[in-house]
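Please treat every number below as a calculation from the coordinates, not as lab data. Since the model is a prediction, treat every value here as computed from it, not as a measurement. So basically every Cβ, Gly included, is an ideal-geometry build from the backbone, and we count neighbours across all protein chains shown.
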Amino acid sequence: MRLLNLLCATVVLCAVVTGVMAVWAAQHPTQLPSDIWASESPRNAEIVREDRAIQWNDESGYWVASDYTSQYMNVIDGERLTLGAPRNATHSVYLFGNSEIFGQYVDDSGTIASALQALLPQYRVRNLGMTGRTLDNELFRLKATDVKPGDIVVFVDGFMEIDSVYADAKWGGRNELVCDNFQSLAVIQWLCDPQSAPPALFDPTWITNHVTAELAHSNSLIDAARQFTTARGASFYHFLQPIDLTSPTMYPGFDRVCAVAWSQMDGIPLLLNSKYFDDFAHTDEAGNQAIASFVYDQIMKR
């Protein structure tokens, strides 16, 4: 009888706890920034669907997208399609970066690469962006690229490196795999609450130490990329991708890491007004045009 009572009490307690967590989860809905953007129009939803349908393959340290044909996004020979790119150009401009370069929220005509191609018709602009990848992956892919004298190599990045520090704070003592893949369960949403800044980000010393360590590594990769490029008679440029710190889609506390990281990163900052962003880390077609114009101006200064 005592065992039966204990069992009944346990069942009741579990039901109550589950109910409380379900209410909490309903009050704290979890949506990816891309889900929010996709809900704004059928066109947005289709672009997000196509982006998620693209398959990425690990090629010994870097990712290459499988060839893909669709209405808005196309991949040919492992590269996002750049409109107007001449096949017979003497020199190439190679764009490396994460999803901002690949063009997560835009069609082929709206990428930074396509906008830059219109400004540099004498070059072949090649989009070697890799969604979710870091400087390590960019350097691996650069070293697998046949860079020739007179070519131009452009790195646009920084978000993934800042995000690495943010992840260290966010996942301290928690399991990222569980939190990312079981968000439909109320208990997981409760344990992995994404609505508040990680406690470590309220410690300036913690931020400074972790940013310094991460950027020492990142800056060494940029230096290696610069040396690799110039040794082949090509030009190298590194830009820090824009981030909208006023966006409601920004991760809680992410701005605390940015404030420290931006002062230490080796690169030319790309600063844009909030109106050019689809979410806090990705720009729209007009923003990509502005970035391409800025990159073009820097190239013309050489």
Under the rule of at least 5 residues apart or a separate chain, name every residue whose amide H is placed under 5 Å from the amide H of residue 235. 150, 151, 152, 153
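Excluding residue 244 itself, what net charge comes from residues whose Cβ is under 13 Å from its Cβ, given Lys and Arg +1 and Asp and Glu -1?
Working: positive: 275; negative: 100, 255, 278, 279, 284.
Taking every other residue near residue 244 into account, the sum is -4.
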Would you order 37, 206 from fewest to most other beta-carbon atoms within 10 Å of each residue's own beta-carbon? 206, 37
Which whole-number percent gives the relative contact order of region 36-84, counting Cα pairs below 8 Å spaced six or more residues apart? 22 percent
Output ordering of 240-250, 216-226 (per-residue mean of other Cβ within 10 Å, highest first) is 240-250, 216-226
Using θ = phi - 60° and the Karplus relation 6.51 cos²θ - 1.76 cosθ + 1.60, list the HN-Hα couplings for region 50-57 in order, rounded to whole Hz, with x at every Gly or Pro. 5, 4, 6, 7, 5, 8, 10, 10
Could you calculate the contour length gain from residue 89 to residue 71, that is, 0.36 nm times the residue separation minus the distance between their Cα atoms, to one decimal place in nm? 3.8 nm
Step through the residues of region 261-273 one at a time and calculate ³J(HN,Hα) from phi using the Karplus curve (6.51 cos²θ - 1.76 cosθ + 1.60, θ = phi - 60°), rounding each to whole Hz and writing x for Gly and Pro. 5, 4, 7, 10, 7, 7, x, 8, x, 9, 10, 10, 5
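Can you give the net charge of the other residues whose Cβ lies under 15 Å from the Cβ of residue 86, counting K and R as +1 and D and E as -1? Each step should come with its number before you reach the end.
Details: positive: 87, 124, 126; negative: 79, 151.
Its environment carries a net charge of +1.
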Would you order 301, 148, 275, 170 from fewest to most other beta-carbon atoms within 10 Å of each residue's own beta-carbon? 301, 275, 148, 170
Sequence-distant or interchain residues sharing an amide H contact under 5 Å with residue 268, placed H: which? 238, 239, 240
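Where does each of 254, 236 land when they are ranked from fewest to most other beta-carbon atoms within 10 angstrom? Please list the in-between numbers first.
Values: 254 24, 236 20.
Listing 254, 236 from fewest to most nearby Cβ atoms yields 236, 254.
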What does the charge dipole of region 31-300 about its Cα centre add up to, to the nearest 20 debye, if the Cβ of each Lys and Arg holds +1 and the Cβ of each Asp and Glu holds -1? 560 debye
Tell me, what HN-Hα J-couplings in whole Hz come from the Karplus equation 6.51 cos²θ - 1.76 cosθ + 1.60 at θ = phi - 60° for each residue of region 204-209, using x for Gly and Pro? x, 5, 4, 4, 4, 5
